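*Asks:* One structure follows; several queries about it will come next.
Since every read-out is calculated from the coordinates, none of them should be taken as a lab result. Since this is a predicted model, take the numbers as computed values, not measurements. With ideal geometry, Cβ positions are generated from the backbone for all residues, glycine too; neighbour counts draw on all protein chains shown.
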Amino acid sequence: MKPELGAALERLPRLELAQLPTPLHRLPRLSEELDIELWIKRDDCTGLALGGNKARKLEFLLGGAVAGGCDTVVTTGGSQSNHARLTAAACRVAGLDCRLVLDRGLHPENGNLLLDRLFGARVEFVADQEPETAVAAMEQLRQRLEQEGRKVYMIPRGGSVPTGASGYAAMTLELERQLSSLDLSDVSLYLATGSCGTHSGVMAGRAALGVSWRVQGISVSRPAAQQEDRVLQLSNETLTHLDLDSATIASDVHVDDNFVGGGYGHPDNRTWEAIRLLARSEGILLDPVYSGKAMAGLLAHVREGVVPARSTVVFLHTGGSPALFAYASEVEEMA
């Protein structure tokens, strides 16, 4: 007999990194302004290294690294990667060496990169933002490290593999308990869709629990069709990884790519408007790479009537506010 979601998760190696459960609370001023019931799931408050969604993924990823006797972690991202920052910090918790292969992007200093270095991660830069370039550089680094006698644990960009996505399957159990305790139902969940691990994990958990949430992803980088295909595939790979019978179907996967702006890490005016609005109405910081774009999408969907009046919406805040400091000149212009 196949296990239920909770039992399936308990069988996986896991390293405690995050302060859970994260809060779920109502945004009163924005709810009134938008004429919806708007709640926010505060995964910016996971605790590790200024918080963020990657802590949930890393609990399972580094759990696997420790269980496998590895001594070094290699991963990749942009210069303002939240995943890189949290991986660097998590490696300190686990007593592992951390190596980061990063592209410089538009904002190569300060913000997350400053924290990567503070946590003692060794950083190598690649010449461009093409993921294949970083993958090749990671493989070359792995070979060098293994020649030195290291046992290496490789984590793809964003930790977006079934092991990492399991962290967000676990989050669905947490969120469902919170929604039930508040007697909230018929919920839409909005989130940023980047490397797809968070979105895919949520969809896997949704399928396993049989809940009816409508999950709306807002792409921060790639076209919607590409993101939807990836979410569908990774969600079902995660369910297989957990040895669960449930399945995500294509018609349940929704991604809007109208808020990508100039591309990954390139916020447009709608993103800055969303960041300013949350800061000034609710005292909450969003970031210009992920959560700001996701909130811009939610605001547009409300104003365009895609989200009906008086609907109940949960916004998944995936963190990332340290990146604001790397965008200091843009923040000053916006403010």
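*Asks:* Whole-Hz ³J(HN,Hα) for each residue in segment 173-178, computed from phi via Karplus 6.51 cos²θ - 1.76 cosθ + 1.60 with θ = phi - 60°, x for glycine and proline: what do you get?
*Replies:* 4, 4, 5, 4, 5, 5
*Asks:* Which longest uninterrupted range of the chain lacks any GluC sites (Glu not before Pro) assigned by DSSP to a loop state (not H, G, I, E or B) and surrounded by at most 15 other Cβ atoms within 10 Å?
*Replies:* It runs 149-303.
*Asks:* How big is the charge dipole of segment 4-120 about its Cα centre, in debye rounded to the nearest 20, if each Lys and Arg gets +1 on its Cβ and each Asp and Glu gets -1 on its Cβ?
*Replies:* So the dipole magnitude of segment 4-120 works out to roughly 280 debye.
*Asks:* Which Cα, out of L232, I218, L278, lies furthest along the positive dipole direction of segment 156-299 (beta carbon charges, K/R +1, D/E -1)?
*Replies:* Comparing the listed Cα positions along the dipole, L278 ranks first.
*Asks:* List the trypsin sites (Lys or Arg not before Pro) within segment 247-315 that DSSP assigns to loop and that have no more than 16 neighbouring Cβ atoms inside 10 Å.
*Replies:* R310
*Asks:* Please say if the chain is rounded, prolate or oblate, where rounded means a/c under 1.5 for a ≥ b ≥ c the square roots of the C-alpha gyration tensor eigenvalues, and otherwise the choice is prolate for a/b larger than b/c and oblate otherwise?
*Replies:* It comes out oblate by the Cα gyration axes.
*Asks:* What fraction, in whole percent, of alpha-carbon pairs in segment 54-159 exceed 21 Å separation?
*Replies:* Summing the P(r) of segment 54-159 above 21 Å gives 27 percent of all pairs.
*Asks:* Which FRET efficiency, nearest 0.05, do R280 and E148 yield, Cβ-Cβ r, R0 41 Å?
*Replies:* Computed FRET efficiency for R280 and E148: 0.20.
*Asks:* Tell me whether segment 9-55 comes out rounded, prolate or oblate; compute the Cα gyration tensor, take square roots of the eigenvalues as a ≥ b ≥ c, and use a/c under 1.5 as the rounded threshold.
*Replies:* It is prolate, given that a/c is not under 1.5 and a/b is the larger ratio.
*Asks:* Something else about it: Got a sec? Charge dipole of segment 54-159, +1 on Cβ for Lys and Arg, -1 for Asp and Glu; which of V93, G158, P131 is way out at the positive end?
*Replies:* Looking along the dipole axis, the top candidate is V93.
*Asks:* Which whole-number percent is the relative contact order of the chain (Cα, under 8 Å, 6+ apart)?
*Replies:* It rounds to 21 percent for the chain.
*Asks:* Report relative contact order for segment 54-159 in percent, whole number only (criteria: Cα-Cα under 8 Å, sequence separation at least 6).
*Replies:* Relative CO of segment 54-159 lands at 37 percent.
*Asks:* Shape of segment 140-191 from its Cα gyration tensor (a ≥ b ≥ c, root eigenvalues): rounded if a/c is under 1.5, otherwise prolate when a/b > b/c, or oblate?
*Replies:* In terms of gyration-tensor shape, prolate.
*Asks:* Using the Cα centre as the reference, give the magnitude of the dipole from point charges on the C-beta atoms of the chain (Lys, Arg: +1; Asp, Glu: -1; all else neutral), rounded to the nearest 20 debye.
*Replies:* Charge dipole of the chain: 620 debye, to the nearest 20.
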